[in-house]
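Asks: Supplied in structure tokens, the structure appears directly below.
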Amino acid sequence: MKVTENENKRLPFLREKTSKLTLSPGCYLMKNEKGKIIYIGKAKSLRKRVTSYFRASADHLPKVAKMVSQVYDYDFIVTDSEFEALVLECSLIKQNMPRYNILLKDDKGYSYIKITNEDYPRISAALQKDSDNAFYIGPYTSSYAVKQAVEEANRVFKLPTCHKVFPRDFKKGRPCLNHHINKCMGLCRGRISKEDYREIISQAVDYMKNGSAKSVERLTSLMEKAAEELDFEQAASLRDRIRAIEKISENQKIIDENMQNADIIALAENVEIACASVLMYRGGRLFDKVSFMLGEIEDTKKMRGDFLYQFYSDKADIPKNIFLDGEIEDIELAEKFLREKSGRAVHIKIPQRGDMLRLVEMARANAGEQISIKVGRTGKEIIALDELSKLLGLQSPPKYIECYDISNLASANMVAGMVVFKNARPFKKNYKKFTIKTVFEQNDYACMQEVIERRIKRYLDPDETDEGFKTLPDLIFLDGGKGHVNAVSAVLEKYHLDIPLYGLVKDSRHRTRAIATGGGEISVSQMKAAFNLITRIQDEVHRYAITFQTAKHKQNTYQLELTKVRGIGDAKAKKLIMHFKTKEALKSATIDEIRSVIGGSEEQLSELKNIIDNMKL
């Protein structure tokens, strides 16, 4: 978005002031008319960076444009290096909390692991300490991590999670389903002593505190001791517990001995807002998760970097490894900043495959869920659009997507369907059908060109009132390969429209395989959410186009039957179809009702009525 002098009358003054600015590194402080700081930034060269805000040709993202429109004046502080500017920027942002900077606020409380004080203790998650003489482990800042740890311990050690009170409810009724499916030890049967049960609780607490490897080591020692003492039942029980820990460790991301000291950071974006989530591993366990709403979307690379600096600017506990879901502007500068803060080397990595990529995807899914709570859409939809924008290199997730497909029987009944997905959901109100008018032989490229040109002309028509045509899409998909893309690109260029355009390529089984560009293909198999969305779009447009083509074919066959009567041509047959709408209505019509529509002699109408009555519904 461009900011004009009508929107900010101070632009000429600001441009003049900036032309005299130093080329040295430093920080700049944008102020509004009341002198309040609304944005703070750093720059390797103050003049070059500040000039980018005020030049006439600047095309800003909406958030930046809004900020620039409110700038009345600015101050600056010159530093000796870009690194000093970075440190100063973080300090100034914390002091002034400017409106247009990323401000990290959350409303997290504390969570505890609670072990009840009773003959047969239970393990649960608690949001606060109560005066109930229970034993509490914590506090933890993440209720998410606490719940995960408690659920996992109860599952591994087969602890009861029902509402029965022990020993009061021993042998009262049959054991519940959890016992029958081997998810509970069946304490209610009254066959486990208080001492044995408390030992199991102790093992579960040790598991939550120290992780799987140390727990397996201790349990193995106990198992071997029981075997030596010929207590084979106890040894078998411990063996099963060890196997349960090993099995769950293979399939979860909560405990990972290789993740001793690391943070995983990922961003998710809606069309208008963004969120960052951080998964924190300490001592081989996911011990905390935090999420922050980042406000309006700006450049993703810059936003990710700004979040990184603000998040760690006042943290004493900076991990050895930080994994990101994408690039930041200067990784070496960021590592230097974190090294100065922590007093040791910190490595920033961007995983491309394997377990670390799966953890990054888990962090992004958490960020997506946070946005979904705020905007009332599912996390999967948000992540799908986010992945799609990254896959295609779009500036922001596409809110409004159109997809086209051509359907025909040889050269007969050639039609096209246009489906719309708004915020990753079908928007059927704006679906459109096209009957091909200018192409008379089977030629998918020419048909697609005709359809897109007709759609654009409707958009450009000042008298157009249909919202489906008056809305310009953020992204266009064509059911086809690079030939379709190249054919339609020429139409978009003709009307000077810069709309991202791609083809959807299917395999031999008619399943989505890749995204086609004008010169090649983009694989989508690695981005599951985006792949699923693209498949849904392609399946929907195919269904819509083929349904229209089938209906068109039936209508034409129906119309052809009517023209067998002498004196009934295409015009009269079409008039009858349009008037009565359905075969059922036409078959129910009397001769007088048919005469009122097309006229004709008694003999002619009698013959026509006979043909109509013998038609199959």
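The values are calculated or read from the model by the stated rules, or taken from the named source; none is laboratory data. Keep in mind that what you see is a predicted model, and the values were worked out from it rather than measured. With ideal geometry, Cβ positions are generated from the backbone for all residues, glycine too; neighbour counts draw on all protein chains shown.
Asks: Hey, could you check region 184-211 for residues that are of a type in the set (Lys, Arg), assigned to a helix (DSSP H, G or I) and at pLDDT 85 or above and say which is farthest from the chain's Cα centre (by Cα)? Write out each step before concluding.
Replies: Pass one, region 184-211, residues of a type in the set (Lys, Arg): 189, 191, 194, 198, 209.
After this cut, where a residue has to be assigned to a helix (DSSP H, G or I) as well, the list is 189, 194, 198, 209.
Among the residues that remain, those that are also at pLDDT 85 or above are: 189, 194, 198.
Details: ARG189: 47, LYS194: 49, ARG198: 44 Å.
This residue is LYS194.
Asks: Checking LEU394 against (1) hydrophobic (A, V, I, L, M, F, W, C); (2) surrounded by fewer than 16 Cβ atoms within 10 Å (Cβ to Cβ); (3) at pLDDT 85 or above; (4) farther than 24 Å from VAL64 by Cα, which single condition isn't satisfied?
Replies: That leaves (4) as the condition not met.
Asks: Another question about this same structure. Scanning region 432-475 for residues that are within 19 Å of PHE548 (Cβ to Cβ) and of a type in the set (Val, Ile, Thr), which turns out nearest to the chain's Cα centre (by Cα)?
Replies: ILE452
Asks: Using the structure shown, decide if LYS214 is in contact with a strand residue (DSSP E or B) (Cβ under 9 Å, 6 or more places away or on another chain), of a type in the set (Lys, Arg), surrounded by fewer than 17 Cβ atoms within 10 Å (Cβ to Cβ) and modelled with pLDDT under 85.
Replies: Values: in contact with a strand residue (DSSP E or B) (Cβ under 9 Å, 6 or more places away or on another chain): no; of a type in the set (Lys, Arg): yes; surrounded by fewer than 17 Cβ atoms within 10 Å (Cβ to Cβ): yes; modelled with pLDDT under 85: yes.
No: the conditions fail for LYS214.
Asks: Within region 113-136, which residues are polar (S, T, N, Q) and within 34 Å of the chain's Cα centre (by Cα)? Lay out the reasoning, then the answer.
Replies: Start the filter on region 113-136 by keeping residues that are polar (S, T, N, Q), which leaves 116-117, 124, 128, 131, 133.
Of everything in region 113-136, those that are polar (S, T, N, Q) and within 34 Å of the chain's Cα centre (by Cα) turn out to be SER124, GLN128.
Asks: Something else now. So the check is Cβ under 6 Å with 6+ separation or different chains; which pairs have a first residue in region 459-484 that's part of a loop (DSSP other than H, G, I, E, B) and a second one that's among the acidic types (Asp, Glu) and at pLDDT 90 or above?
Replies: PRO473/GLU402
Asks: Additional query: Looking at GLU298, GLU327, which is the one that is under 25 Å from GLY368 (Cα atoms) and surrounded by 20 or more Cβ atoms within 10 Å (Cβ to Cβ)? Lay out the reasoning, then the answer.
Replies: On the way: GLU327 fails: surrounded by 20 or more Cβ atoms within 10 Å (Cβ to Cβ).
From the options GLU298, GLU327, the qualifying one is GLU298.
Asks: Going by the conditions given, is ARG454 touching a helix residue (DSSP H, G or I) at 6+ places or on another chain (Cβ under 9 Å), charged (D, E, K, R) and assigned to a helix (DSSP H, G or I)?
Replies: Numbers: touching a helix residue (DSSP H, G or I) at 6+ places or on another chain (Cβ under 9 Å): no; charged (D, E, K, R): yes; assigned to a helix (DSSP H, G or I): yes.
In short, no.
Asks: Wholly within region 1-108, which helices (runs of 4 or more DSSP H) include no fewer than the required count, namely at least 2 residues that are surrounded by 13 or more Cβ atoms within 10 Å (Cβ to Cβ) and in contact with a helix residue (DSSP H, G or I) (Cβ under 7 Å, 6 or more places away or on another chain)?
Replies: Numbers: elements: 11-19, 46-54, 62-70, 82-96.
Result: 11-19, 46-54, 82-96.
Asks: Also, quick follow-up: Filter region 400-444 down to residues that are closer than 13 Å to LEU478 by Cβ and either surrounded by fewer than 17 Cβ atoms within 10 Å (Cβ to Cβ) or of a type in the set (Val, Ile, Thr) (or both), then give me how many there are.
Replies: 3
Asks: Given the options GLU329, GLU296, GLU335, name the one that is modelled with pLDDT of 90 or more and of a type outside the set (A, V, I, L, M). I'd like the intermediate steps shown before the answer.
Replies: Working: GLU329 fails: modelled with pLDDT of 90 or more; GLU296 fails: modelled with pLDDT of 90 or more.
None of the other options fit; the residue is GLU335.
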